Amino acid sequence: MSIKIQKTFEALFELEEIRGIFREAVPTGLNVEEEEALQKKIAELKAIIADLEAGTGTPRVTKIADTLDVRSREEQYINIHPIQAAGRLTTEARKALISYGDGYSTCDFCRKPFRLDKITRPGIAEFHDDLAKWLNMDQARVVPGARRGFQAVASTLVGKGDSVIVSALAHYTEFLAVENAGGVVREVPLNEKNIVTGEATAQKIEEVKSETGKLPVLVMIDHYDYQFANEHEITAIGKVAHQYDIPFLYNGAYTVGVQPVDGKKIGADFVVGSGHKSMASVAPSGVLAINDDFAPKALRTTAMVGDLTKRKFGIKEVELLGCTLMGGTLLSMMASFPTVKERVLHWDEEVKKSNYFIDALLRVEGSKVLSEYPRKHTLTKVDTTGSYDTVAQTHKRRGFFFSDELTAHGIVGEFAGATKTWKLNTYGLNWNQVRYLADAFTEIAEKHELPVRK
């Protein structure tokens, strides 16, 4: 870690220790001992700042709580990890995390009716309304990750033995949500381009109807899948679902927060997004948006009464188990939201940067793209069996030579040791970083005498 990055973290940690002094003081102010401790910490902070300014000094803090490494991945490197890119926190989200990290910080001013989406200070209720409008849906709730959105919908609509239509590239959490509800997944096959089409979805529905005598109870399809990040015929699939009067869940884990999503235009009855994957939010966080036709059922409130105490909790929503995101998860999502709303308007530019890098990679002879090409997304699956893997076959470090070379160039996020098929994501990199990334891959190829087309 560079000394300036090191000293930045040390300054942040020192400020947190100063903050701790105020947390342990009485409201009337610091006593003599506390004031002395404060002045000592300020002096230490000034020394750290001096080192930061000059780029001098030695590391003083290398562990948190003696066990946790300081995570400086985003400060030290270009991170191309496939699922981390769009969850990288904004500056405002990092500030919110510092301020609202305490467990129940969202509940400081919780008043009747004692439900998360009704809290007005901070503006959580308004945030829920804004989420729904932004996605062009009727209602929205925050959830602990996209998977909990799938679970809420499945537990609402799916019964024992019911069929649910998913993609042959569906994420495992979609399977688990259906299994947890007692249902059965039925997969729509891919075409020769690894795309799920509306026609194939209709055929699968007919197949299920013929075999079981019943229609599926839910169609749940990813806009872009997690394996190839190919774009599927999501609008056509939504039309097919409605032709059969089947509810349609739009899986926007790789779209909500990075590109515009219009739920009603898509024809979605449910829109699910991932906060920590695509909305620059702390994990686990996500969003579930619902149209009014299904809101009464999906957002039903509890009717159960205690047999002894006769207690009732009628305002709590059953599928969400009451309140969901507290503290830093929700407030980081709220703090990032203005940036997220703006950045989705520049999705085309992000795709251009993705294609710029992929074009450069393809100039290394033997490299292939397994995803759609030209790219429509920033997440891409590549095959370098015919290029970088040929070096791995004889290198003493085998496939780890590639990780070594990338790290030496300040690049991380590839699957360590992988030189055959692997995934990467360029989302959020600026043009200087994308050009640097492309040049680095070229330099590594040339260093190991791999042919590179000009």
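The values are calculated or read from the model by the stated rules, or taken from the named source; none is laboratory data. If you're wondering where the values come from, they're calculated on a predicted model, not measured in any experiment. FYI the Cβ positions are ideal-geometry reconstructions off the backbone, even for glycines, and counts take in every protein chain you see. To get the accessible areas, we keep the full protein, side chains included, count just its heavy atoms, and leave off ligands, DNA and RNA. Shrake-Rupley method; radii C 1.70, N 1.55, O 1.52, S 1.80 Å.
Miscellaneous remarks
- The stretch 153-233: projected area of the alpha-carbon convex hull, averaged over directions, in nm²: 4.9 nm²
- Remark on the chain: CYS323 stand apart, with no other cysteine beta carbon under 4.7 Å.
- Distances between placed amide hydrogens fall under 5 Å for ILE411 paired with ILE78, all partners being 5 or more residues away or on another chain.
- Over the chain, DSSP H runs of length four or greater, each weighted -39,500 (n - 2.57), average out per residue to a 222 nm ellipticity of -12500 deg cm²/dmol.
- Values of log10 I(q)/I(0), in the order q = 0.11 Å⁻¹, for the stretch 1-117 under a Debye, Cα-only, solvent-free model: -0.54
- Residues of type aspartates and glutamates that LYS341 reaches as a straight line, Cα spacing below 12 Å, ignoring anything fewer than 8 places off in the same chain: ASP130
- 3J(HN,Hα) from dihedral phi, the stretch 340-349, Karplus parametrisation 6.51/-1.76/1.60, rounded to Hz, x for glycine, proline: 4, 4, 6, 5, 5, 6, 10, 4, 4, 5
- Measuring between their Cα centroids, the stretch 60-77 and the stretch 224-294 lie 36 Å from each other.
- Bins of 20 Å from zero: percent of alpha-carbon pairs in the chain: 22, 48, 27, 4, 0
- The chain, accessible surface, carbon-and-sulfur percent (1.4 angstrom probe): 53 percent
- Each Lys and Arg adds +1 at its Cβ and each Asp and Glu adds -1 at its Cβ; summed about the Cα centre, the chain shows a dipole of about 460 debye.
- Note on ASP245 and PHE22: the model spin-label points, each 7 Å out from Cα along the C-beta direction, lie 6.1 nm apart.
- The residues of the stretch 229-333 present an accessible area of 40 Å² per residue when probed at 1.4 Å with all protein chains retained.
- When the alpha carbon coordinates of the stretch 322-454 are projected onto the principal axes, the ranges are 56, 29, 25 Å, largest first.
- Computed extension gain for GLU342 through ASP359, at 0.36 nm per residue and net of the alpha carbon distance, reaches 3.4 nm.
- Take the stretch 119-174 with all the other protein chains still there, run a 1.4 Å probe, and you get 36 Å² of accessible area per residue.
- If the segment from ALA168 to PHE109 were pulled out straight at 0.36 nm per residue, it would be longer than the present Cα-Cα gap by 16.7 nm.
- Solvent-accessible surface of the stretch 364-454, averaged per residue with a 1.4 angstrom probe and all protein chains in place: 47 square angstrom.
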